[in-house]
1. Residues to consider are K54, K97; find the one that is not in a helix (DSSP H, G or I) and not assigned by TED's automatic domain parsing to the domain that holds V5.
2. I want to confirm something. Restricting to the range 20-71 and keeping residues that are closer than 21 Å to K111 by Cβ, hydroxyl-bearing (S, T, Y) and without any contact (Cβ under 8 Å) to a residue 60 or more places away in the chain, which single residue is surrounded by the most Cβ atoms within 10 Å (Cβ to Cβ)?
Amino acid sequence: MSQPVQYVTNEHGERVGVLLDLNTYYRLVNPLGLDDECLLGLSTDELKALSCCKLAVAEQTRLDDLVARNTESLLCADEVGELDDLLAKADQLTILKTRARYTLKRLEKVKAAA
């Protein structure tokens, strides 16, 4: 179907039904489903919890220590690797938190439009 919407009419020319292409249908039944940045399958409470989570206290303490010692060039090769791993974890967590906040904002817009 080339058009996103086509109407079904009865013998009197009255519109009695609608045919939608799949993308239009998916946008209607799950408006966030076509947005790759949205986190799907999580409840609002789960998204809120994810949006404000942090590294575990032990990992954050270790990260702070490694960063401080790194500024003074006091890290051995293994510690540099550990610092890189912790920074990568923190980066991934930041991305997840941002996506959770983005999903919550999109959900608010969908609810407001409904």
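The values are calculated or read from the model by the stated rules, or taken from the named source; none is laboratory data. Source: prediction; values computed, not measured. When we count neighbours, we look across all protein chains shown, and the Cβ atoms used for this are built from the backbone with ideal geometry, even at glycine.
1. Going through K54, K97 in turn, the sole match is K54.
2. Selected residue: S51.
Residues are listed down the side, and each one gets a yes or a no for (1) in a helix (DSSP H, G or I); (2) among the basic types (K, R); (3) at pLDDT 95 or above; (4) in contact with a His (Cβ under 6 Å, 6 or more places away or on another chain):
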| position | (1), (2), (3), (4) |
| --- | --- |
| S2 | no, no, no, no |
| Q6 | no, no, no, no |
| R27 | yes, yes, no, no |
| G33 | no, no, no, no |
| A58 | yes, no, yes, no |
| V80 | yes, no, yes, no |
| A90 | yes, no, yes, no |
| K105 | yes, yes, yes, no |
| E108 | yes, no, no, no |
